[in-house]
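Participant: Got a structure here, written out as structure tokens. Questions coming.
The values are calculated or read from the model by the stated rules, or taken from the named source; none is laboratory data. Just so we're clear, the structure is a prediction, and the values are computed from it rather than from any experiment. Cβ placement follows ideal geometry from the backbone for every residue including glycine, while neighbour counts extend to all protein chains displayed.
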């Protein structure tokens, strides 16, 4: 049995050895043990926040509070005593663990303990967090080491040709997946399978998903580019120093990262600023001018 597990749960990624948490659960005779982790005080509104007594027992739980003094967040990882869980579920009309089960157990004086999680944890629920989680993989000693043979990350692999670097390619500090072809320059970026970077193109500080084509002379700077995108020759995406927040989602897209949606087309020669959202399946006809200012939206949201 694997002792170390990579868990993808909603907007979070965990790499953990589950044995210490299980050991604590048994030793403390808990009805429920909840993995917890300190979070940034400015982000407590995004999590379920717990208050813990001196002996590690959870005494209060608040689901995504607008304001909180505590910064200890539930990570959504639980170990239950089986008969207690069955009883709680049979008594409840709802089965959302954060909103229903955990509060019900606290109300009924069950023994709910906190386990302070020591391993790798990344919250990728915002644009900035997703970008940072990818960029952190490029560190010299990343917290999540994809090459650690002791903690192998098992994932679906695509049967593609090896990555290929052209004679004029320049690469520095990247993760480049199989099937990629690079004839241009890639700096501090993550390329998913099948990405093509043409000669003279530059990709910098960006996350580019599968089968995107970046044509000759294009510049992609501090962007997240979805699958099957076509970026035309000479286009400049993520251009300039204007950091105006996105007009539609100013509280979510405001750190200079431009988003290019799935199967969209960026016309050749166009300039696109920062915090711009190009919606999925946006074609060339959606661009009314040769320059898209920072903070703008192009195309229609499909949500």
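Participant: Scan the stretch 111-125 for residues that are surrounded by fewer than 17 Cβ atoms within 10 Å (Cβ to Cβ) and either over 16 Å from residue 17 (Cα atoms) or at pLDDT 95 or above (or both) and jot them down.
Facilitator: Passing the criteria: 111, 125.
Participant: Next question, about the same structure. Does residue 266 satisfy the condition of being over 13 Å from residue 229 (Cα atoms), crowded, with 23+ Cβ neighbours inside 10 Å and out of contact with any helix residue (DSSP H, G or I) (no Cβ under 7 Å at 6 or more places or on another chain)?
Facilitator: Judged against the criteria, residue 266 is not a match.
Participant: Select from the stretch 43-64 the residues that are modelled with pLDDT under 90 and loosely packed, with under 15 Cβ neighbours inside 10 Å and write down the one among them that is farthest from the chain's Cα centre (by Cα).
Facilitator: 63
Participant: On the basis of being surrounded by fewer than 15 Cβ atoms within 10 Å (Cβ to Cβ) and in contact with a helix residue (DSSP H, G or I) (Cβ under 9 Å, 6 or more places away or on another chain), does residue 143 make the cut?
Facilitator: For residue 143, the condition - surrounded by fewer than 15 Cβ atoms within 10 Å (Cβ to Cβ) and in contact with a helix residue (DSSP H, G or I) (Cβ under 9 Å, 6 or more places away or on another chain) - is met.
Participant: Please go through the stretch 227-242 and give me each residue that is under 17 Å from residue 256 (Cα atoms) and surrounded by fewer than 24 Cβ atoms within 10 Å (Cβ to Cβ), ordered by number.
Facilitator: Residues satisfying the conditions are 236, 239, 240, 241, 242.
Participant: Filter the stretch 26-57 for residues that are in contact with a helix residue (DSSP H, G or I) (Cβ under 7 Å, 6 or more places away or on another chain) and more than 16 Å from residue 121 (Cβ to Cβ) and give the result.
Facilitator: Passing the criteria: 31, 32, 33.
Participant: Separate question: What's the total number of residues in the stretch 144-177 that are under 25 Å from residue 221 (Cβ atoms) and within 19 Å of the chain's Cα centre (by Cα)?
Facilitator: Of the residues in that region, 6 qualify.
Participant: Right, next: Looking at the stretch 79-107, which of its residues are out of contact with any strand residue (DSSP E or B) (no Cβ under 6 Å at 6 or more places or on another chain), modelled with pLDDT of 85 or more and not in a helix (DSSP H, G or I)?
Facilitator: 81
Residue-wise test of (1) outside the structural domain of residue 269 (by TED's automatic domain parsing); (2) surrounded by fewer than 18 Cβ atoms within 10 Å (Cβ to Cβ); (3) over 18 Å from the mean Cα position of the chain (by Cα); (4) closer than 20 Å to residue 130 by Cβ.
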| residue | (1), (2), (3), (4) |
| --- | --- |
| 179 | no, no, yes, no |
| 191 | no, no, no, yes |
| 195 | no, no, yes, yes |
| 206 | no, no, no, yes |
| 209 | no, no, no, yes |
| 216 | no, yes, yes, no |
| 219 | no, no, yes, no |
